[in-house]
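The values are calculated or read from the model by the stated rules, or taken from the named source; none is laboratory data. What you are looking at is a predicted structure, and each value in this text was computed from that prediction instead of being measured. Neighbour counts run over all protein chains shown; Cβ positions are idealised from the backbone, glycine included.
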Amino acid sequence: MGLLASLEKNIQALKTSLKGYFECQANLKIEISQAEENIKALILELSKQVKQLEKEMIELILSKEKNTQKQKSLLTIPGYSVTVAALIAQFLDTDSKHSKEWIAYIGLDISVRQSGSWRGKGRITKRGNPYLRKRLYQAAWGATMNYKEIGAYYKHLKNSGRTHVEALVIISRKLLRIAFAILKNNTVYDPNCIPAY
């Protein structure tokens, strides 16, 4: 997973650099050379190969018989895809005593910034697994768009002064705590666990 996260980050950086480069070329009215076109094609091919690698990893995880019931339970959570369910079932330990351990492992825990009476704004630590963090963030956005109780919670957070990213991180954490409870108690998702707003 670390390799995939690193590859995704580097490919995104390359795409951004290439986009800026081509925009500069267009502004200067300089034609794009064949070598530059080849680099663009190579980056696109690399991106496809990373997607294929991710697909193979998920298929490998899904082929493990022991996680099947866990994955089915996790799929009841809003926004959780087969990929997210498989990753959580495979990489997060159900022997953990508290969901905070999962949150810290993924890097969604909040750092405290204070000195004396001064208190700064807390931020997520990002010390954990970037690949899982990105997938949970995507799951939170999907849940916000497709499930009314999560969408209402998102609107409540926004109306409370939270930014878009803060609201989705809060929802990511909540969905992860729900996943922890589901696997710990061997149950399925209950929509009533999200308060009505």
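Going by the conditions given, is Lys66 basic (Lys, Arg) and at pLDDT below 85?
On the way: basic (Lys, Arg): yes; at pLDDT below 85: yes.
For Lys66, the condition - basic (Lys, Arg) and at pLDDT below 85 - is met.
Name, by its number, the condition in (1) among the aliphatic types (A, V, I, L, M); (2) over 30 Å from Val188 (Cα atoms); (3) surrounded by fewer than 16 Cβ atoms within 10 Å (Cβ to Cβ) that does not hold for Leu60.
Status for Leu60: all satisfied but (2).
Residue pairs, Cβ under 6 Å, 6 or more apart or interchain, first in segment 88-109 and hydroxyl-bearing (Ser, Thr, Tyr), second assigned to a loop (DSSP other than H, G, I, E, B). List them.
What qualifies is Tyr105/Gly128.
I'd like to check something: does segment 160-176 contain any residue that is surrounded by 13 or more Cβ atoms within 10 Å (Cβ to Cβ), assigned by TED's automatic domain parsing to the domain that holds Thr76, within 13 Å of Gly79 (Cβ to Cβ) and in contact with a Cys (Cβ under 7 Å, 6 or more places away or on another chain)?
No, that holds for no residue.
When segment 89-105 is examined, which residues are found to be of a type in the set (A, V, I, L, M) and either touching a strand residue (DSSP E or B) at 6+ places or on another chain (Cβ under 9 Å) or within 11 Å of Phe180 (Cβ to Cβ) (or both)?
Going residue by residue through segment 89-105, those that are of a type in the set (A, V, I, L, M) are 89, 92, 103-104.
Answer for segment 89-105, where residues must be of a type in the set (A, V, I, L, M) and either touching a strand residue (DSSP E or B) at 6+ places or on another chain (Cβ under 9 Å) or within 11 Å of Phe180 (Cβ to Cβ) (or both): Leu92, Ile103.
State whether the residues of segment 125-143 include one that is under 18 Å from Val82 (Cβ atoms), in a helix (DSSP H, G or I) and over 11 Å from the mean Cα position of the chain (by Cα). Even if it seems obvious, please write down each step before you answer.
Initially, segment 125-143 is screened for residues under 18 Å from Val82 (Cβ atoms), giving 131-132, 134-143.
Subsequent filtering for residues that are in a helix (DSSP H, G or I) retains 131-132, 134-143.
In the following step, the residues that additionally are over 11 Å from the mean Cα position of the chain (by Cα) were identified as 143.
Yes, segment 125-143 contains a residue that is under 18 Å from Val82 (Cβ atoms), in a helix (DSSP H, G or I) and over 11 Å from the mean Cα position of the chain (by Cα).
Please identify the pairs in which a residue from segment 14-41 that is free of Cβ contacts under 8 Å to residues at least 12 places away in the same chain has its Cβ atom under 8 Å from the Cβ atom of a residue that is not β-branched (Val, Ile, Thr) and not in a helix (DSSP H, G or I), counting only partners at least 6 apart or on another chain.
So the pair list comes out as Gln25/Glu31.
Which condition number does Arg127 fail, the rest of (1) at pLDDT below 90; (2) more than 27 Å from Lys55 (Cβ to Cβ); (3) touching a helix residue (DSSP H, G or I) at 6+ places or on another chain (Cβ under 7 Å) being met?
For Arg127, the failing item is (3).
Among the listed residues Leu3, Leu87, identify the single one that is surrounded by 12 or more Cβ atoms within 10 Å (Cβ to Cβ), in a helix (DSSP H, G or I) and not charged (D, E, K, R). Break it down into steps so the answer makes sense when it comes.
Values: Leu3 fails: surrounded by 12 or more Cβ atoms within 10 Å (Cβ to Cβ).
So the residue among Leu3, Leu87 that is surrounded by 12 or more Cβ atoms within 10 Å (Cβ to Cβ), in a helix (DSSP H, G or I) and not charged (D, E, K, R) is Leu87.
Condition test on Ile58, is it assigned by TED's automatic domain parsing to the domain that holds Leu18, under 30 Å from Glu149 (Cα atoms) and either among the β-branched types (Val, Ile, Thr) or touching a strand residue (DSSP E or B) at 6+ places or on another chain (Cβ under 9 Å) (or both)?
Values: assigned by TED's automatic domain parsing to the domain that holds Leu18: yes; under 30 Å from Glu149 (Cα atoms): yes; either among the β-branched types (Val, Ile, Thr) or touching a strand residue (DSSP E or B) at 6+ places or on another chain (Cβ under 9 Å) (or both): yes.
Yes.
Quick one: in segment 42-56, of everything that is touching a residue at least 12 places away in the same chain (Cβ under 8 Å) and within 30 Å of Ile88 (Cβ to Cβ), which residue is farthest from the chain's Cα centre (by Cα)?
If we filter segment 42-56 for residues that are touching a residue at least 12 places away in the same chain (Cβ under 8 Å), which is where we start, we get 43, 46-47, 50, 53-54.
From what is left, the residues that are within 30 Å of Ile88 (Cβ to Cβ) are 46-47, 50, 53-54.
Working: Leu46: 21, Ser47: 18, Val50: 16, Leu53: 17, Glu54: 14 Å.
Per the stated criteria, the residue is Leu46.
What number of residues within segment 72-107 satisfy the criterion of being of a type in the set (Asp, Glu) and in contact with a helix residue (DSSP H, G or I) (Cβ under 9 Å, 6 or more places away or on another chain)? Walk me through how you get there before you give the answer.
Of the residues in segment 72-107, the ones of a type in the set (Asp, Glu) are 93, 95, 101.
When the remaining residues are screened for being in contact with a helix residue (DSSP H, G or I) (Cβ under 9 Å, 6 or more places away or on another chain), the result is 93, 101.
Residues that pass the stated criteria total 2.
Would you be able to say whether some residue in segment 153-175 is more than 30 Å from Asn10 (Cβ to Cβ), under 14 Å from the mean Cα position of the chain (by Cα) and not aliphatic (A, V, I, L, M)?
Pass one, segment 153-175, residues more than 30 Å from Asn10 (Cβ to Cβ): 153-162, 174.
Restricting the remaining residues to those that are under 14 Å from the mean Cα position of the chain (by Cα) gives 174.
Subset that is not aliphatic (A, V, I, L, M): 174.
Scanning segment 153-175, I find at least one residue that is more than 30 Å from Asn10 (Cβ to Cβ), under 14 Å from the mean Cα position of the chain (by Cα) and not aliphatic (A, V, I, L, M), so the answer is yes.
Where residues in segment 6-44 are part of a helix (DSSP H, G or I) and among the hydroxyl-bearing types (Ser, Thr, Tyr), which of them is farthest from Pro130 (Cα to Cα)?
Looking only at segment 6-44, we keep the residues that are part of a helix (DSSP H, G or I), and these are 6-27, 34-44.
From what is left, the residues that are among the hydroxyl-bearing types (Ser, Thr, Tyr) are 6, 16-17, 21.
Numbers: Ser6: 9, Thr16: 19, Ser17: 22, Tyr21: 28 Å.
Here the answer is Tyr21.
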